[in-house]
Structures are given as C-alpha cells and as structure tokens.
Amino acid sequence: MLVQSIQESPQSAHVVVLGNEKGGSGKSTTALHIAVALLKAGQRVATIDLDSRQQSFTHYIENRRAWAERARIKLELPTHYCVARADGNSVEANEAQEFANFSAAIGKIEHSHDVVVVDTPGNDTYLMRLAHSMADTLVTPLNDSFVDFDVLATLDPTNFTVTGESHYAEMVREARRQRRLVDGRLTDWIVVRNRLAALGSRNKRLVGEGIAELSKRMGFRSVDGFAERVVYREFFPRGLTALDDLDEATLGTRPNMSHLTAREEVIQLLNQLRLPMSENGKRRAAARAEWYSVMDQPLQVHDVI
C-alpha cells in the first residue's frame with residue numbers, strides 16, 4: 001500500500017492534508033499559508049493539488065511565481081505537483097491510474113522534503129480518500145455556519161444538539177482507522193473555523209457548541225481560523241499570503257491595519273496546528289535570520305510554527 005511505503009522510512013516527509021467535501025471553505029488559502037509559513041521557517045516544502053479540475057491551489061502558486069517575476073521580488077515557492085484524475089470507462093482502471101500518478105508524485109518528494117501539503121477537491125473522490133488515509137495532520141477548514149457544519153454532523157432542529165455524524169465525518173473516521181491498521185499511528189485531525197464574524201452572535205455560539213460536542217465524539221481539535229476579510233481574496237491574483245513582506249512593492253498598494261490583523265490571526269492558527277519541524281530546517285531558518293540581521297533587513301515573520 002502507498003501509505004505503508006511512505007511510512008516505512010523514518011525520513012519520510014510529514015503529510016498535511018487539507019480536506020472538506022464542501023467547496024468554498026478556504027482549503028487552498030489555508031494550504032498556501034501553511035506552505036509559505038513552513039518555507040519561511042526553513043523547511044523543505046512540497047505541495048500537491050488533487051483537484052485537477054478547479055486547480056485553485058495550483059493557480060494560487062502559479063500566480064505567486066508570476067507576480068514574483070513581474071514585481072522583481074523574492075517570494076518563497078514550494079515544489080509543486082498537480083495530480084490528474086483519470087477519465088476512463090473503468091472505475092478500477094481509473095483508480096489504478098490515479099494511484100500510480102499520486103504514488104509517482106509522492107515518490108519524487110517524500111525523502112527530499114520535510115513536509116508535503118496536499119489540497120484535496122471539495123467532493124468525494126478516490127484521490128481525496130487516498131490522501132485522507134495517509135495524512136499525518138488533517139486540516140478541515142469549515143465556514144462558521146450550520147450550512148457547512150452539516151458536512152460533519154446532523155443537528156436537532158429544536159435545541160441544536162448533535163444527533164449524528166454526516167458523510168464527511170464518517171469518511172474521516174474510516175480513513176483514520178485504516179491509517180492505524182497500517183502503522184499504528186493516529187492522524188491529528190484539526191477542524192478550523194473560518195470566516196468568523198468579528199462580533200459574537202447566537203449562530204457563532206451555537207456552531208461553536210456543536211463543534212465542541214462533536215470533537216469529543218470524533219477526536220478532533222477545533223481552532224479558530226481566518227476571519228471574513230477582503231484581503232484574503234485580494235491575495236489570490238498575486239499569490240500572496242499574510243506572512244509575506246507586505247509593503248507597497250509587494251501589494252501594489254500601501255498595507256493597512258487589515259493586513260496586519262490578518263497576519264496575526266494566521267500566525268495564531270499556525271501555532272495551534274503544532275506542525276513538526278526538522279532540526280535541519282530550524283538551523284536553516286536560524287542562519288537566514290542571522291543573515292538578515294547582519295544585512296540590517298529584519299524578517300517580517302519569526303517562528304510562526
């Protein structure tokens with residue numbers, strides 16, 4: 001099995017999977033912020049886009065590369081792969097082809113990188129399930145609403161208590177079970193509440209209570225993610241993140257308080273994910289920080305993980 005082959009070597013990369021069967025939850029935005037944060041922390045990062053139809057993650061990275069060249073600025077870039085879905089008449093043949101494509105991408109990076117960040121499509125596919133079964137860390141961004149909460153659980157319409165687990169939660173349970181059978185390890189599952197309202201509301205409180213109740217049943221951690229900010233949507237055309245050097249040359253406009261606040265909440269999220277970092281990566285980050293100090297050009301982000 002692919003999972004087994006990846007885990008046999010102690011030097012295999014840590015696999016972070018972004019997953020949710022509902023689109024528009026911020027998977028690609030969160031994925032690139034995680035990848036860039038790890039790159040800034042000295043880690044060797046590879047990224048894989050499994051949504052070969054939409055390719056939001058791939059386009060985000062392509063936009064980042066193009067803007068760096070056009071603006072003549074330095075932006076960290078991961079080693080990136082987009083794995084194509086098979087489109088034949090046989091389901092069995094399609095899955096075999098997709099397994100081979102995914103395995104080939106993983107084989108090129110698993111021992112040469114510290115972390116692999118995988119963005120999955122917003123629907124149930126073979127590649128999506130395969131990625132979930134090999135995740136060391138599973139990050140599920142979830143818009144802070146009952147419409148999106150329905151992906152995880154069903155609720156009592158009277159008192160809003162959890163009455164059952166939904167399709168995606170059941171799929172994750174099975175993927176984690178398969179992972180334990182292969183190597184005895186438990187996937188660290190984190191549900192990230194995105195598009196949080198700035199002010200408290202009844203909906204925000206009830207969704208939070210539902211997630212807290214379900215987390216005890218399903219064994220995941222719940223953390224706050226990104227608030228509803230226009231700046232996150234503005235980052236995409238240039239491939240930027242809140243962790244980049246947000247000056248006028250990079251943004252094309254002067255940064256404002258919203259950019260700084262976005263950076264703080266991204267750093268807070270990344271700290272809560274508790275992603276491991278290799279010792280070599282830490283030394284690379286320390287050496288880079290020292291170099292910037294000598295050149296009197298302090299880094300904008302320090303130890304964000």
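Where a number appears in this text, it was derived from the coordinates with a stated rule and is not lab data. The structure displayed is predicted, hence computed values, not measured ones. Cβ coordinates were reconstructed from backbone atoms using ideal geometry, including for glycine residues, and neighbour counts include every protein chain displayed.
A few points about this structure:
- Dipole orientation for region 15-284: of the candidates Ile211, Ala96, Phe226, Phe226 has the Cα lying most toward the positive pole (charges on Cβ; Lys, Arg +1; Asp, Glu -1).
- Here's how it looks for Tyr81: its modeled amide H is under 5 Å from those of Thr47, Ile48, Asp49, which are all 5 or more places away or on a different chain.
- Cβ-derived FRET efficiency at R0 35 Å, Ser112 paired with Arg85, nearest 0.05: 0.85
- Taking trypsin sites (Lys or Arg not before Pro) as exposed when DSSP calls them loop and at most 15 other C-beta atoms lie within 10 angstrom, the chain has its longest site-free stretch at 75-184.
- Candidates Leu18, Leu260, Leu196: whichever shows maximal mean-square fluctuation once the chain is modelled as a Gaussian network with Cα springs under 10 Å: Leu260
- Which listed pairs, of Lys27/Lys204; Lys22/Lys108; Lys40/Lys74, have C-alpha distances above 23 Å, in listed order: Lys22/Lys108
- Where only DSSP H runs of four or more residues are counted, the chain gives -14500 deg cm²/dmol as its mean residue ellipticity at 222 nm, each run worth -39500 (n - 2.57).
- Projecting the alpha carbon convex hull of region 167-245 along each direction and taking the average yields 7.8 nm².
- log₁₀ of I(q)/I(0) at q = 0.17 Å⁻¹ - region 86-217, Debye sum with one point per alpha carbon: -1.00
- Once the Cα-Cα distance is subtracted from the 0.36 nm per residue extended length, the Leu181 to Asp150 segment shows a gain of 8.3 nm.
- DSSP-defined beta bridges in the chain - what % are antiparallel, rounded to 5: 10 percent
- Considering only Cα atoms, the convex hull volume of the chain works out to 133 Å³ per residue.
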